[in-house]
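Throughout, read-outs are computed from the coordinates displayed, never taken from laboratory work. Quantities reported herein were computed from a predicted structural model and do not represent experimental measurements. When we count neighbours, we look across all protein chains shown, and the Cβ atoms used for this are built from the backbone with ideal geometry, even at glycine.
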Amino acid sequence: MIRKSIIVLLLVVPLMNSASAAVDGATLIAACKEYVAIYDRRGERRFLAGIATSTAEAMRAGLCRGMLEEHAGHSRRFGGRSLCDEQWYEQATFIVNQNADDVAVSSERLLDDACYDRS
């Protein structure tokens, strides 16, 4: 049993890098739209938001929240306390309001702007 687990682990670990492929700006905007929508539903219906949310919506919302958290952690490692530590909803709303048709926008740029350039 342990031997099978080790073999599976050795096969899966190299694939983990490819699973975390770069997310473009349009994908991040779409994911954050789901995050904001679920958050808004939760505020209106409380516990029913979890029931009314599909697995696909939850996965997309999780992508947004995870990228926001990872970006905050990355910023924190290189400069002490990050400005991105709080206000996830505001950052996601900022990203949602960006132009998804702008092909030049990257997810990294959106995350930076959501943390530092919000007015």
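Of note:
- The ranking of L68, L28 from fewest to most other beta carbons within 10 Å of each one's beta carbon is L68, L28.
- The stretch between A58 and E108, if pulled fully straight at 0.36 nm per residue, gains 15.8 nm over its current Cα-Cα span.
- Residue order, fewest to most surrounding Cβ atoms within 10 angstrom, among C32, C115: C115, C32
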